[in-house]
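Structure in structure tokens, see below.
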Amino acid sequence: MILKSGVGAYANMFVFLIVGAYFGSNCPQSFSQNTAVREPVSSPQAIQSPAIIYRRPIIDVHLHTDPPISAMGVPNPVTGSKPAATPTELRDSVIEQCKRYNIVRGVLNGYPGTLKSWVDKDPKRFISAPMILEQDKHPVIDVATLRQELREGRAGALGEIISQYVGLEPNDPALEPYWALAEELGVPTMIHTGTSFPGTPYFGYPAFRLRLGNPLLLEDVLVKHPKLRLWIAHGGEPWTEETFALMAEYPQIYMDVSTINWIGGPAGRPAFHAFLKQAIDRGLETRIMFGSDQMGWPDAIGLAIAGVDSAPFLTSDQKHDIFYGNATTFFLLRDQD
Ligand SMILES: [Zn+2]
């Protein structure tokens, strides 16, 4: 509810146009299946170079190596910039942005081919977090393979579980072996919560249901797997009260503020700041992590940083916690700052 104005502003920016595939046939599957392109109705908002004062190291816990179908071929809804045209271009542009903004570590959500390409290119920066769901309810990576990837260090986390997009509740039996594995190995694991692009069920994810983004649906999983190291993406927005209740009841949970820190553009910033302030006031400052969720738009990274950096009520210590310190705790990383 609290972020309605930001998301509403975002929704109003679009019409939906069905056009052909945006990317060439040589692209990997995930880059070539887009059928929906949305174009801004109005001129892009002018924040191409967001003002950012913060210069200390940053950890971005929410980067994507494979854009979601609903974002492919779509201009950045805030800046109007074109998305990266190829997987390589996306990778190289994101690395460039990481260097520009002092993002020293980044958690990569994606599928095996692109994950490997990104980690090979910049192994000290990136942590690989395979995604187990793509477009349907059937996991794309089996538990035995995932166990091997984690045990042998090729993966360091479990990437965004998009159960909402494929019509699954978090406690669906199909996901149970993955929760059990993540708990057993102590693997940081992220699940999408909240909402998505307007019209998502019509564009690439017919099983997507809004109600499946409610963070309270995680409760059975948390009870069954008390040692699970889970973080919820996007602060559960717009179910923010549910997020706060869940985080109060289950102190092991962290959240990231990806997407909600930039998708509303300038009009959405006050609502994001109100959410952040409420989280701080509820004592969650050590469990909030920065993420951009740049999807296919590298310029979203700067916007996301600016969204947090511009919060006038944050002390420098709180900013450091959100941008860096909380993630070092959650991911058990060595402090570089
Ligand atoms: Zn997400």
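The values are calculated or read from the model by the stated rules, or taken from the named source; none is laboratory data. As the structure is a computational prediction, the values presented were derived from the model and not from experiment. Note: ideal-geometry Cβ built from the backbone for every residue, glycine included; neighbour counts use all protein chains shown.
In segment 86-115, which residues are exposed (fewer than 15 other Cβ atoms within 10 Å of the Cβ) and either under 17 Å from the mean Cα position of the chain (by Cα) or without any contact (Cβ under 8 Å) to a residue 60 or more places away in the chain (or both)?
88, 89, 99
Also, quick follow-up: Which condition breaks for residue 119 when tested against (1) in contact with a Lys or Arg (Cβ under 7 Å, 6 or more places away or on another chain); (2) assigned to a helix (DSSP H, G or I)?
Exception for residue 119: condition (1).
Residues that are small (Gly, Ala, Ser) and more than 25 Å from residue 129 (Cβ to Cβ): which helices (runs of 4 or more DSSP H) entirely in segment 211-318 hold 2 or more of them?
240-249, 265-281
Oh, and also: Return yes or no: is residue 173 more than 14 Å from the ligand (Cβ to nearest atom) and within 17 Å of the chain's Cα centre (by Cα)?
Against the criterion (more than 14 Å from the ligand (Cβ to nearest atom) and within 17 Å of the chain's Cα centre (by Cα)), residue 173 does not qualify.
Give me the pairs, please: first residue somewhere in segment 67-85 and modelled with pLDDT of 80 or more, second residue anywhere and within 16 Å of the ligand (Cβ to nearest atom) and β-branched (Val, Ile, Thr), beta-carbon distance under 7 Å, and either six or more positions apart or on two chains.
Sorted first by the residue in segment 67-85, then by its partner, the pairs are 77/263; 78/263; 83/74.
Within segment 261-281, how many residues turn out to be polar (S, T, N, Q) and more than 16 Å from the ligand (Cβ to nearest atom)?
Number of matching residues: 1.
Further, regarding this structure: Restricting to segment 145-194, name every residue that is surrounded by 22 or more Cβ atoms within 10 Å (Cβ to Cβ), part of a helix (DSSP H, G or I) and among the small types (Gly, Ala, Ser).
Scanning segment 145-194 gives 163, 182.
Out of 310, 258, 316, which single residue is hydroxyl-bearing (Ser, Thr, Tyr) and either under 19 Å from the mean Cα position of the chain (by Cα) or within 16 Å of the ligand (Cβ to nearest atom) (or both)?
258
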